[in-house]
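The next block holds one structure in the form of structure tokens; read it before the comments.
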Amino acid sequence: MKIKMIVTDLDGTLLKSDKSISEYTKSVLRKCRDLGIKVAYATGRGGSAKRVAPSELFDGQISMNGAVAKIGDEIVYKRLILHRTALPILTACDKHGIKITSENSGMHYSNFSVSDMWPQITNFKIVDFLQHNIDAEKIYTPNPTANDRLFIEQLLSDDLYFVVTTDGDGYLGQIMHKEATKAKAIAALAQHWGITRSEIAAFGDDYNDIDMLQECGISIAVANAINDVKAVAEYICDANDNDGIAKWIVDVLA
């Protein structure tokens, strides 16, 4: 098994339940990089990823489910929802009473107090969406009901998709550009580094990881992953709280 690139989801996969990365896992990631293996993360998070995933551990960073991919400060892939496309969705959801937020460059433009739900997020503005004219990396809604999901899906143009992932004890609905996927962003990083699909090992646990597991040459689900993710993975490693990724890597590199 020849691995030249490792890419991992963060929440529920690399991060423990308390949102930390153990010193053991950090040491394994450093060893990978010392061996010339590129290490990247691919997360649904935006700017908050930097708080939980130290940049010195990673060669590449994919945020917003694949809307943005960076190597250091260099953007190598970017797919935004243009304001003219986002506006009817934001205004319709607002009128319908759905909590909705447009996120770009770490700022959350919302119709509700985001920090009331996530105290760690303080960089938000409550806005009148009719006066809002900023493109979105991601549009999200917390804990959408079944009716909310149907309502939102009917608003989407052909160039958008809607995915619901777990978020602690709840769920997070996310509207993305159709080309803003983890798989496409990973492909952009791999092309930049001259790495083929068969040389990439990907780790995940939730719905928004399925595409990258299907597209990367080596797919691994953590033991705590949802069943749909386990079904597409070639391997199952130990759970996130048990350093599953690090253990799997050590076994393969041994």
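The values are calculated or read from the model by the stated rules, or taken from the named source; none is laboratory data. Predicted model, so just to flag it, every value in this text is computed and none were measured. Quick reminder, even Gly has a Cβ in these numbers, built from the backbone with ideal geometry, and neighbours come from all protein chains shown. When the accessible area is computed, the model is the full protein with side chains, heavy atoms only, and any ligands, DNA or RNA have been set aside. Shrake-Rupley method; radii C 1.70, N 1.55, O 1.52, S 1.80 Å.
Numbers at a glance
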{"quantity": "Rounded to 5, the percent of DSSP beta bridges in region 126-254 classed as antiparallel", "calculated": "65"}
{"quantity": "Cut-off under 5 Å, modelled amide H: who pairs with His108 long-range", "calculated": "Phe124, Lys125"}
{"quantity": "Lys184, Lys95, Lys50, Lys4, reordered so the largest accessible area comes first (probe 1.4 Å)", "calculated": "Lys95, Lys50, Lys184, Lys4"}
{"quantity": "Probe 1.4 Å, all protein chains present, accessible-area order of Tyr161, Tyr235, Tyr41, largest first", "calculated": "Tyr235, Tyr161, Tyr41"}
{"quantity": "Two-decimal ratio, the chain, of alpha-carbon radius of gyration to 2.2 N^0.38 Å", "calculated": "0.99"}
{"quantity": "Aspartates and glutamates whose Cα lies under 18 Å from that of Lys70, excluding same-chain neighbours fewer than 8 positions away", "calculated": "Asp9, Glu56, Asp59, Glu103, Glu137, Glu179"}
{"quantity": "Formal net charge of residues neighbouring Gly173 (Cβ-Cβ distance under 14 Å; K, R +1; D, E -1)", "calculated": "-2"}
{"quantity": "Per-residue SASA entry for Cys216, accessible area with 1.4 Å probe, Å² rounded to 10", "calculated": "10"}
{"quantity": "Relative contact order (percent, whole number), region 1-91, Cα cutoff 8 Å, 6+ residue spacing", "calculated": "22"}
{"quantity": "For Glu56, solvent-accessible area (1.4 Å; no DNA, RNA or ligand), Å²", "calculated": "120"}
{"quantity": "Tensor-based shape of region 27-79 (alpha-carbon gyration tensor, a/c under 1.5 rounded, otherwise prolate or oblate)", "calculated": "prolate"}
{"quantity": "The chain, helix-only ellipticity at 222 nm - DSSP H runs n ≥ 4, -39,500 (n - 2.57), divided by all residues, nearest 500", "calculated": "-8500 deg cm²/dmol"}
{"quantity": "Span per principal axis, largest first, for the Cα atoms of region 85-166 (Å)", "calculated": "31, 28, 21"}
{"quantity": "Where only C-alpha atoms are counted, convex hull volume of region 140-236 per residue in Å³", "calculated": "105"}
{"quantity": "Percent of Cα-Cα distances greater than 22 Å, calculated over region 1-140", "calculated": "46"}
{"quantity": "Nitroxide proxy distance, nm - points 7 Å out along Cα→Cβ at Asn123 and Val252", "calculated": "3.2"}
{"quantity": "In Å², nearest 10: area of Lys78 left accessible to a 1.4 Å probe", "calculated": "90"}
{"quantity": "Relative contact order %, the chain, counting alpha carbon pairs below 8 Å whose residues are six or more apart", "calculated": "21"}
{"quantity": "Accessible surface ranking that places the most exposed of Leu172, Leu130 first, with a 1.4 angstrom probe", "calculated": "Leu130, Leu172"}
{"quantity": "Per-bin percent of Cα-Cα distances, region 49-116 [5 Å]", "calculated": "3, 14, 20, 20, 16, 12, 9, 4, 1"}
